[in-house]
Amino acid sequence: MTVMTRKTAAMVPASPTGPTLQQRYHALLEGPDPAGVAWLNEQLSRAQRIPDDLPVNPAQLEAWSADHAAQVAGAYALYLEQRREGAPRRYFANRAQAIWFLQQVAPTKAVDGAWLYSALRHWGDPRYHGLIRTYIEELGSGDPRCNHVLIYQRLMTRLGCLDPLQLDDQRYLQGTVQLALGRFGEDFLPEVIGYNLGYEQPPLHLLITTYELAELGIDGQYFQLHVTIDNAASGHAQLAIQALRQLCPADSQGEFYQRVRLGYRLNDLGVDTPSLISSFDLEAELIQALEHKRNFGQFMHSDRCRLQGRTVNQWLAEPGAMPGFLDALQAQGWIRRGEDPAQSRWWKLVEGPSAPMYGVFTAYEKQLWHDWIAAGWQSRIKRVLPGSWDVPLQSDEQPAKATQADIETLIEHMSGNRHAAPEGLLATRAYLRATGLIQEEPR
């Protein structure tokens, strides 16, 4: 069976003029960007050049979704069989590559669900309740243990990735699309529904990522959560089809569905997940990290230590010298590649609270060093269990009957990634009470 992923790696560039994607991303986090509508229309124009796999007749969507789920399940079963027979990990050759990937997709994960934000204002219309439920579940219903953005933030904190990498501007493309759809959803409802329909179909890469992160001792709760919550039987994938059925106007079904298909194609702008993962270059990342550190460390070393006849300060003073510096560390015997990093003198200088260079490198940078030195050598990795980050819910007093103005204030606190802040979590729970949309537990 052909391995299937939802993304098709459509390499459509961002606009060459105007603000960068990162600047537009942050502007949309703050509120409606006046130029955001024009930018979103520009992305939709680009999406017109991308094919899609949706059925011509929307009546066939349930069968299409079920077939997609079956293909993914079959491809994943084949992957597991190959792994049992000794095949290596398909995505992550080492832990550094996995952590690099998690940082590359962080701008998108930081606004998880944002494309559905505009639906919140339609809480009085039952046709929108499926979309609202999907968004609320992305927000964990205001529970800090279940809010998707918070789960991802806690993961990055545990991995020591507090300072974001300097990312390629394209890494902000999908997050910016999601924010724009959420901010201007009133005018782009079919496109929002289409984007949601595509995003909520569980892809193969999600299953493989979850499996391989666990092998590398990285808590995959965020990804495992999406495996279960997006299921095509009763999860977000099914709700996406229901929303299309309920909100498609009877007098213009054809035009509405064509706009849905265009929104669906927005998912394929940029680089698909497998291609992004495969672009990782361990040595290039290490050299880039050293080049960044070079400016801060070139005057911090004594001249007693020499590598290949040059002091460390001399190595660090020369731009572009870091590849030679790595060669010198090996030639001098400070690094023994292909062996347990603990056997290398260099590793003992950087790892551990009593190491002479303790704190010089971040957790991610040390992982780069570790995996570059190991060069295929594998130590036994114990699985890292999720940290104890659970925060108990506060018991809030039942408020008086909320006015529309009150609800608008709550909704604003649930925008972008504000819902992951304490005020946003409180606002989410208050919104559910005020609108009567809170789900009752079985009893």
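Summary table below
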{"quantity": "Subset of region 408-430 (residues that are outside any helix (DSSP H, G or I) and more than 19 Å from Ser118 (Cβ to Cβ))", "calculated": "Ala421"}
{"quantity": "Residues of region 269-287 that turn out to be part of a helix (DSSP H, G or I) and either in contact (Cβ under 8 Å) with a residue 40 or more places away in the chain or of a type in the set (Ser, Thr, Tyr) (or both), as a count", "calculated": "10"}
{"quantity": "Residue within region 36-50 that is among the aromatic types (Phe, Trp, Tyr), modelled with pLDDT of 95 or more, under 23 Å from Glu138 (Cα atoms) and buried (at least 19 other Cβ atoms within 10 Å of the Cβ) present", "calculated": "no"}
{"quantity": "Count of region 82-94 residues which are out of contact with any Asp or Glu (no Cβ under 9 Å at 6 or more places or on another chain) and of a type in the set (S, T, N, Q)", "calculated": "1"}
{"quantity": "Selection from region 194-220 of residues that are crowded, with 18+ Cβ neighbours inside 10 Å and either modelled with pLDDT under 90 or outside any helix (DSSP H, G or I) (or both)", "calculated": "Glu200, Gln201, Pro202, Pro203, Leu216, Ile218, Asp219, Gly220"}
{"quantity": "Test for Gly309: is it assigned by TED's automatic domain parsing to the domain that holds Arg46, without any contact (Cβ under 8 Å) to a residue 12 or more places away in the chain, surrounded by fewer than 16 Cβ atoms within 10 Å (Cβ to Cβ) and out of contact with any Phe, Trp or Tyr (no Cβ under 8 Å at 6 or more places or on another chain)", "calculated": "no"}
{"quantity": "Residues that are assigned to a helix (DSSP H, G or I) and touching an Asp or Glu at 6+ places or on another chain (Cβ under 7 Å), drawn from region 43-81", "calculated": "Leu44"}
{"quantity": "Filtered residues of region 95-125 (kept if outside any helix (DSSP H, G or I) and farther than 24 Å from Gln153 by Cβ)", "calculated": "Trp123, Gly124, Asp125"}
{"quantity": "Residue list for region 142-176, filter: closer than 20 Å to Gln224 by Cβ and not in a helix (DSSP H, G or I)", "calculated": "Asp143, Pro144, Arg145, Cys146, Asn147, Leu159, Cys161"}
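The values are calculated or read from the model by the stated rules, or taken from the named source; none is laboratory data. What you are looking at is a predicted structure, and each value in this text was computed from that prediction instead of being measured. Quick reminder, even Gly has a Cβ in these numbers, built from the backbone with ideal geometry, and neighbours come from all protein chains shown.
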